[in-house]
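What follows is a single structure, written as structure tokens, with notes after it.
The values are calculated or read from the model by the stated rules, or taken from the named source; none is laboratory data. Here the structure is a predicted model, which means the values were calculated and not measured. With ideal geometry, Cβ positions are generated from the backbone for all residues, glycine too; neighbour counts draw on all protein chains shown. We work out accessible area using only protein heavy atoms, side chains counted, and drop any ligands, DNA or RNA first. Shrake-Rupley method; radii C 1.70, N 1.55, O 1.52, S 1.80 Å.
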Amino acid sequence: MKPVISSIEIENRVIVAKYQRLMVGAKVVLVEKASDRQLPETVTRVASRVPVGALRIRLPDAIKPGTYFLKAFNGHGEQAAQSVDFEIG
């Protein structure tokens, strides 16, 4: 089964993303949809050995309103999962 980023919640400039089947060490990054640019200041890694959980990403002030998505990469740098698009206001 493929890894998934199953839900996104945003509150007080913190993204909480629930995931399934992402392995320890997987990297998750925020991507601006319009430019497809990965925002390196938002990179976080899965630290749990359990393949189901949630990540928290604090949004820096430099992140502008727009449409974004999360992209996950496995330990080999290959894309493992992508979230649905969501708005940051």
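Just to check your reading of the model, which residue among LEU55, LEU22 is touching a strand residue (DSSP E or B) at 6+ places or on another chain (Cβ under 8 Å) and assigned to a strand (DSSP E or B)? First the steps, then the outcome.
Details: LEU22 fails: assigned to a strand (DSSP E or B).
It is LEU55.
How about region 1-26: which of its residues are touching a residue at least 12 places away in the same chain (Cβ under 8 Å), closer than 25 Å to PRO65 by Cα and open to solvent by 60 Å² or more (accessible area, probe 1.4 Å)? Explain how you work it out, then say what you get.
Looking only at region 1-26, we keep the residues that are touching a residue at least 12 places away in the same chain (Cβ under 8 Å), and these are 1-6, 8, 10, 13-26.
Restricting the remaining residues to those that are closer than 25 Å to PRO65 by Cα gives 4-6, 8, 10, 13-19.
Matches in region 1-26: SER6, ILE10, ARG13, LYS18.
Please find, among VAL43, VAL84, VAL31, VAL50, the residue that is under 14 Å from the mean Cα position of the chain (by Cα) and part of a loop (DSSP other than H, G, I, E, B).
Numbers: VAL43 fails: part of a loop (DSSP other than H, G, I, E, B); VAL31 fails: part of a loop (DSSP other than H, G, I, E, B); VAL50 fails: under 14 Å from the mean Cα position of the chain (by Cα).
After applying the criteria, what remains is VAL84.
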Inspect all residues belonging to region 38-55 and state whether any of them is within 13 Å of ILE8 (Cβ to Cβ), open to solvent by 30 Å² or more (accessible area, probe 1.4 Å) and of a type outside the set (Lys, Arg).
-> yes
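Would you please name the residue that is surrounded by the fewest Cβ atoms within 10 Å (Cβ to Cβ), looking only at residues in region 78-89 that are in contact (Cβ under 8 Å) with a residue 24 or more places away in the chain and under 19 Å from VAL4 (Cα atoms)? If you could, list the steps in order and put the result at the bottom.
Initial filter on region 78-89 (in contact (Cβ under 8 Å) with a residue 24 or more places away in the chain): 80-86, 88-89.
Restricting the remaining residues to those that are under 19 Å from VAL4 (Cα atoms) gives 80-86.
Values: ALA80: 23, ALA81: 21, GLN82: 14, SER83: 22, VAL84: 10, ASP85: 12, PHE86: 16.
Only one residue tops the list, namely VAL84.
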